[in-house]
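Read through the structure below, which is laid out as structure tokens, and then see the notes.
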Amino acid sequence: MIDEELVQLLTPEGERVAHPDYACTLSGEQILSMYRDMVIVRRLCNESTSLQRQGQLALWAPIQGQEGAQIGAGRALAPMDFTFPTYREHGIAWCRGVPPENLLRLFRAVSNGGWDPQKYRHHLPTIVLGNQVLNAVGYAMGIQRDGADEAVLTFFGDGASSQGDVLESFVWASSFNAPIVFFCQNNQFGISTPSSTQSKVPLFRRARGFGFPGVRVDGNDMLACYEVTKAALENARAGGGPTMIEAYTYRMGAHTTSDDPTRYRVDAEVEVWKHRDPIERIKSLLVREYQTKPAAFEAIHEEAEAFALKLRDDVLAMGRPDPLSMFDHAYAEPHPLIDEGRRQMGELLAQGSAH
Amino acid sequence: MATTTMTMAKALNEGLRRAMEKDPKVLLMGEDIGKLGGVFRITDGLQKDFGQDRVIDTPLAESAIVGTAVGLAIRGYRTVCEMQFDGFVFPAFDQIVSQVAKLHKRSDGVYTMGLVIRLPFQGGIGAIEHHSESPEAYFAHTPGLRVVSCATPHDAYWMIQQAIESDDPIIFCEPKSRYWEKGEVDLGHSPHGLYDAVVRREGSDVTVVGYGSSVKTMLRAAEAAQDEGVSLEVIDLRGIAPIDFPTLVASLEKTGRLVVVQEAPRSTSVGSEIVAELTERCFYSLRAPGVRVAGYHVPYPPARIEEDYRPSVDRVLDAVDRVMGYES
């Protein structure tokens with residue numbers, strides 16, 4: 001990963017490196033707090049994978065390896081900023097305060113959403129690749145019209161970077177100078193398709209062609225992801241327009257629990273990336289520079305275990321929704337076909353033909 | 001306020017103006033809608049009066065026009081998106097069916113997708129390919145969307161305002177061949193709800209239902225039929241999704257005979273839905289099967305032969321003869 005254009009503030013071994021454009025502004029206390037975020041989000045991910053294997057979730061999209069990118073970006077947000085995720089932004093949802101059990105409602109197949117997006121200022125998961133990026137640009141245009149001191153942070157992957165919606169988003173954000181930051185997690189694969197199939201140039205270089213800056217950051221370096229995102233958001237809020245961030249990372253797990261990555265990548269590659277683990281890297285830093293004691297790590301570990309137990313209980317407590325709820329909010333205003341459907345199903349349920 | 005005479009294009013323009021005056025959150029977005037006033041001049045002068053932040057000339061990307069309108073809706077704006085022509089809506093189809101139609105539901109009612117997608121549709125203007133299509137059935141088929149069509153300047157003026165005020169997303173189909181036809185507009189009042197079907201001409205023998213450009217064709221057919229002693233009841237559907245079936249049922253129970261007219265291809269269409277539903281609801285009142293007069297199952301033809309494709313007065317009258325012929 002020797003790349004002179006890559007912004008890195010912490011080596012895989014946990015040693016600080018200086019960068020001419022980005023200084024680390026985080027205190028030891030903040031770094032430890034963000035380490036805790038990463039550990040809990042990874043634990044959430046492992047528990048969710050187990051729950052899926054046990055038949056308790058319909059699907060799960062693992063995040064392992066991308067915790068540094070997401071906690072770094074997520075903690076760089078100001079409270080009033082708005083985020084537009086894909087279906088894998090579990091770390092961002094955590095940073096926005098979305099209750100973890102709500103995050104799992106989609107994967108438990110009891111909801112197609114899961115939380116109040118206005119309350120947490122975190123849009124709902126978007127599964128159609130790239131749709132949310134245009135929605136995010138529109139939201140940013142609204143911020144401009146309101147004259148608000150806010151910015152939008154939107155997410156997509158190397159796979160979705162080929163979608164027309166993402167490229168149209170670049171055009172619009174540039175033309176309207178929208179207060180938005182495009183955060184692309186290049187985790188190397190769109191299911192099995194390598195990122196080299198999506199682009200023959202490093203993804204961050206595309207931004208220049210659209211008329212705004214692109215930055216490639218070490219996606220496994222939480223400190224760098226934090227500083228680069230924070231600067232880009234500040235620039236957007238100040239009227240400086242869009243920035244694209246390519247967080248160069250690696251999806252350590254499968255695309256989803258339905259995927260089998262052994263069919264398209266070799267173990268040796270995964271082993272290389274294991275040594276760049278975002279969590280271990282911060283742990284080394286904390287031990288080396290901040291003399292964080294083993295007891296502190298142990299406490300976080302215990303908290304994560306307790307968290308996972310509660311999460312499991314919360315998920316198992318999510319029962320089958322009332323079938324009639326499918327008619328709620330299909331429209332905002334009265335609709336004869338909704339009334340008819342609700343009545344027909346209500347009669348069937350009353351006759352006892354429930355499933 | 002007085003009744004005044006204007007074209008449908010002007011009525012839409014005035015309706016948009018009034019909606020923008022009433023609600024500062026109403027925005028217009030589209031290609032060439034600012035300085036040019038749109039290729040049909042529907043938004044003529046609005047950018048000058050409301051500014052570039054509210055009447056937005058966009059890059060040429062339809063998916064982005066709708067996709068950003070979704071984000072603006074999340075932020076509390078009501079955006080009227082202009083698709084330049086019916087055949088250019090398809091790049092936006094993904095955003096319309098995947099996000100616009102679903103986000104109110106997915107957010108458990110938190111988001112209001114109060115946006116309008118204006119679609120100049122149907123043919124009859126001698127245009128080249130992709131400028132004369134009738135894609136309404138795609139949208140009418142999609143839960144979460146509503147679809148309407150205006151046929152008169154009065155309805156154009158009021159329906160566009162009602163659509164903008166609606167908290168549901170609306171595909172607003174404008175019969176482009178009628179843009180320049182004049183009619184009376186009552187600026188003070190409209191008696192109809194947005195989805196109400198309206199009886200344009202009362203009759204007793206056959207119920208003839210259509211929307212958009214077909215309304216005028218049906219009225220001409222009714223004149224011709226009267227000369228032959230057949231009385232047609234002409235209904236302007238207006239609401240394509242949902243359909244005002246009570247009004248259609250009331251008519252069909254009186255006449256017992258149904259003809260549906262549309263420019264769109266017949267198979268799996270709005271007309272198909274009307275015939276199926278009315279057969280179910282009015283079975284014992286029917287004196288003949290419902291007949292559809294529609295476009296053929298071919299890509300919209302070159303304009304030099306489009307009048308052989310579009311429902312004509314003669315084709316409507318042939319259908320009337322067919323349903324009258326079932327009488328023993």
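Throughout, read-outs are computed from the coordinates displayed, never taken from laboratory work. Because the structure is a prediction, the values reported are computed rather than measured. With ideal geometry, Cβ positions are generated from the backbone for all residues, glycine too; neighbour counts draw on all protein chains shown.
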Check: When the Kirkwood radius is taken over all Cα pairs of region A:33-160, what Stokes-Einstein diffusion coefficient follows at 37 °C and 0.692 mPa s, in µm²/s?
Finding: 218
Margin query: Can you give me the C-alpha center-to-center distance between region A:117-173 and region A:203-223, rounded to a whole angstrom?
Written below: 17
Check: Taking the Cα centre of chain B as the origin and placing charges on Cβ (Lys, Arg +1; Asp, Glu -1), which of B:ALA69, B:LEU194, B:THR279 is farthest toward the positive end of the dipole?
Finding: B:ALA69
Next item on the list: Go through B:MET6, B:THR43, B:MET324 and say which Cα lies farthest out towards the positive end of the charge dipole of the protein assembly as shown; charges sit on Cβ, +1 for Lys and Arg, -1 for Asp and Glu.
Entry: B:THR43
Next item on the list: For chain A, build the charge dipole from Cβ charges (+1 Lys, Arg; -1 Asp, Glu) around the Cα centre, then report which of A:MET244, A:PRO278, A:GLN52 sits farthest towards its positive end.
Entry: A:GLN52
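Once you've got the Cα coordinates, tell me which of B:LYS48/B:LYS182; A:LYS119/B:LYS48; B:LYS25/B:LYS105; B:LYS35/B:LYS102; A:LYS200/B:LYS105; B:LYS25/B:LYS102 are over 28 Å apart. Intermediate values should be presented prior to the final figure.
Numbers: B:LYS48/B:LYS182 25 Å; A:LYS119/B:LYS48 37 Å; B:LYS25/B:LYS105 22 Å; B:LYS35/B:LYS102 34 Å; A:LYS200/B:LYS105 39 Å; B:LYS25/B:LYS102 22 Å.
Too far apart for the 28 Å limit: A:LYS119/B:LYS48; B:LYS35/B:LYS102; A:LYS200/B:LYS105.
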Note to self: Can you compute 3J(HN,Hα) from phi for each residue in region A:139-155, using the Karplus curve 6.51 cos²θ - 1.76 cosθ + 1.60 with θ = phi - 60°, rounded to whole Hz and x for Gly and Pro?
What the structure shows: 4, 5, 5, x, 4, 4, 5, 7, x, 8, 8, 9, 9, 10, 10, 10, 10
Check: So what is the calculated 222 nm ellipticity per residue for the protein assembly as shown, using -39500 (n - 2.57) for each DSSP H run with n of 4 or more, over all residues, to the nearest 500 deg cm²/dmol?
Finding: -12000 deg cm²/dmol
Next item on the list: Classify region B:3-186 as rounded, prolate or oblate from the Cα gyration tensor: take a ≥ b ≥ c as the square roots of its eigenvalues, call it rounded if a/c is under 1.5, otherwise prolate when a/b beats b/c and oblate if not.
Entry: rounded
Margin query: In whole Hz and in residue order, list the ³J(HN,Hα) couplings for region B:120-126 that follow from phi through the Karplus curve 6.51 cos²θ - 1.76 cosθ + 1.60, θ = phi - 60°; x for Gly and Pro.
Written below: x, 10, 6, x, x, 10, x
Item checked: Net charge contributed by nearby residues that have their C-beta within less than 9 Å of B:GLY144 (K/R +1, D/E -1) -> +2
Notebook entry, point to check: Using the alpha-carbon centroid of each, what span in Å lies between region A:237-262 and region A:15-87?
Noted result: 12
Item checked: B:ASP167-A:GLU333 pseudo-label distance in nm [points 7 Å out on the Cα-to-Cβ vector] -> 1.1
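Restricting to DSSP loop positions (anything but H, G, I, E, B) with no more than 14 other Cβ atoms inside 10 Å of their own Cβ, which chymotrypsin sites (Phe, Trp or Tyr not before Pro) remain in region B:168-239?
B:TRP180
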Next item on the list: For chain B, set up a Gaussian network in which alpha carbons nearer than 10 Å are linked by springs, and say which option among B:GLY76, B:GLY30, B:GLY124 fluctuates the most.
Entry: B:GLY76
Check: Reachable lysines from A:LYS274, Cα under 23 Å, same-chain residues fewer than 8 places away excluded?
Finding: A:LYS283
Note to self: When the expected Rg is taken as 2.2 N^0.38 Å, what fraction or multiple of it is the alpha-carbon Rg of region B:170-328?
What the structure shows: 1.01
Checklist line | DSSP-loop GluC sites (Glu not before Pro) across region A:49-126, with at most 16 other Cβ within 10 angstrom | finding: none
Check: What is the spread of the Cα atoms of region A:134-173 along each of their three principal axes, largest first, in whole Å?
Finding: 33, 15, 11
Notebook entry, point to check: Using unit Cβ charges (K, R positive; D, E negative) and no other charged atoms, how large, in debye to the nearest 20, is the dipole of chain B about its Cα centre?
Noted result: 560
Notebook entry, point to check: Taking Rh as the Kirkwood radius, which is the inverse of the mean 1/r over Cα pairs, what is the Rg/Rh value for chain A?
Noted result: 0.99
Next item on the list: Could you give the size of the charge dipole of region A:6-321 about its Cα centre, using +1 on the Cβ of each K and R and -1 on the Cβ of each D and E, expressed in debye and rounded to the nearest 20?
Entry: 440
Item checked: Debye-sum result for chain B in log10 I(q)/I(0), which assumes one identical scatterer on each alpha carbon, at q = 0.13, 0.14, 0.16 Å⁻¹ -> -0.93, -1.07, -1.35
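With N set to the residue count of the protein assembly as shown, report its C-alpha Rg divided by 2.2 N^0.38 Å to two decimal places.
That works out to 1.10 for the protein assembly as shown.
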Next item on the list: For A:ILE180, enumerate residues with amide H under 5 Å from its amide H, sequence gap 5+ or separate chain, H modeled in the peptide plane.
Entry: A:VAL152, A:THR243
Notebook entry, point to check: When the dipole is taken about the Cα centre of the protein assembly as shown, and only Lys, Arg (+1) and Asp, Glu (-1) are charged at their Cβ, what size is it in debye, to the nearest 20?
Noted result: 580
Notebook entry, point to check: At B:HIS189 and B:ALA127, where each label point lies 7 Å from the Cα along Cα→Cβ, what is the point-to-point distance in nanometres?
Noted result: 3.7
Margin query: Need one number: nm distance between label points at A:THR262 and A:ARG53, each 7 Å from Cα along Cα→Cβ, rounded to one decimal.
Written below: 1.3
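Given a Förster radius of 22 Å and the C-beta distance between B:ASP318 and B:HIS297 as r, what FRET efficiency does 1/(1 + (r/R0)^6) yield to the nearest 0.05?
0.75
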